[in-house]
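One structure is given below, encoded as structure tokens.
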Amino acid sequence: GNSVTQMEGPVTLSEEAFLTINCTYTATGYPSLFWYVQYPGEGLQLLLKATKADDKGSNKGFEATYRKETTSFHLEKGSVQVSDSAVYFCALGGYNFNKFYFGSGTKLNVKP
Amino acid sequence: DTGVSQDPRHKITKRGQNVTFRCDPISEHNRLYWYRQTLGQGPEFLTYFQNEAQLEKSRLLSDRFSAERPKGSFSTLEIQRTEQGDSAMYLCASLSSNLAVRGYEQFFGPGTRLTVL
């Protein structure tokens, strides 16, 4: 089947620290992989995506590389800011998938 | 585009009442999805439409839930005889299955938060 597992939170970091949020997946077929971010009281916003193995998605200083050999799509940022505090969701989906599958989310708290 | 919109943003109702939510997708998007999200969890798939056809419903969706997309544009989600366990955020998302349009990514609305007393 298809599923996404991501590290449990909350993750608490100081401003300018390095961030890694782990995400692994299982899929039948060849999915696209996504990271979404959700701020309090809002819907999900696409942060970045990768459509095939070895692709790197990047946006706003965040990066994630689609690793087929380890079935992973870990989210990284070199220097977090207080404004990055939010819940981050890893997801898989794509053209040959009827629906998207989401992880349970990782809450990030960044302290000044 | 103006993004995905949902109405209302908040709904408080008493147990046993019926509620209806509306979603307006991005205009050129042919697929529309409904999700439910409870506190501390990721979005849980409920159902999706391609144009006006409802192609899949989650087995978790009881018969108290019904969704429509009558003209392939906006969609409504109705919950009959609400229960306290229905309290959640209901999210709508849309995408275009045309690979030339925006790379097959879902765009989410702000959600409707339902509280059943």
| query | Once you put a point 7 Å from the Cα of residue A:81 and another 7 Å from the Cα of residue B:64, both along the Cβ direction, what distance in nm separates them? | reply | 4.4
| note | Quotient of Cα radius of gyration and Kirkwood radius for the protein assembly as shown, i.e. Rg/Rh, equals 0.97
| Sorting B:12, B:26 on the 10 Å Cβ count, fewest up front, what's the list? | B:12, B:26
| said: Averaged across orientations, what area in nm² does the convex hull of the alpha carbons in segment B:1-114 project? | reply: 6.9
| field | Relative contact order computed over segment B:8-99 (Cα-Cα under 8 Å; 6+ residues apart), in percent | value | 39
| message | Can you tell me which of B:94, B:62, B:75 moves the most in a GNM of chain B? Springs connect C-alpha atoms under 10 Å apart. | response | B:62
| note | Quick note on B:63, A:55, ordering by fewest other C-beta atoms within 10 Å, gives B:63, A:55
| task | For segment A:3-112, go through all pairs of different Cα atoms, get the mean of 1/r, take its inverse, and jot down that Kirkwood value in Å. | result | 13.9
| query | Can you give the average number of partner chain beta-carbon atoms within 10 Å of each beta-carbon in peptide A:75-82, as a whole number? | reply | 0
| note | Expected integer from the mean partner chain Cβ neighbour count at 10 Å over A:36-44 is 6
| message | Under 5 Å between amide hydrogens, which residues at least 5 positions from residue B:5 or on another chain qualify, with H placed 1.01 Å from N in the peptide plane? | response | B:24
| said: Out of the chymotrypsin sites (Phe, Trp or Tyr not before Pro) in segment A:43-112, which ones are loop residues according to DSSP with at most 16 other C-beta atoms within 10 Å? | reply: A:95
| remark: A correct fewest-to-most ranking of A:28, B:82 by other Cβ atoms within 10 Å would be A:28, B:82
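None of the figures in this text is laboratory data; all of them are computed from the coordinates on show. Just so you know, these numbers come straight off a predicted model, no measurement behind them. Neighbour counts are summed over all protein chains in view; Cβ atoms, including those assigned to glycine, are modelled from backbone coordinates with ideal geometry.
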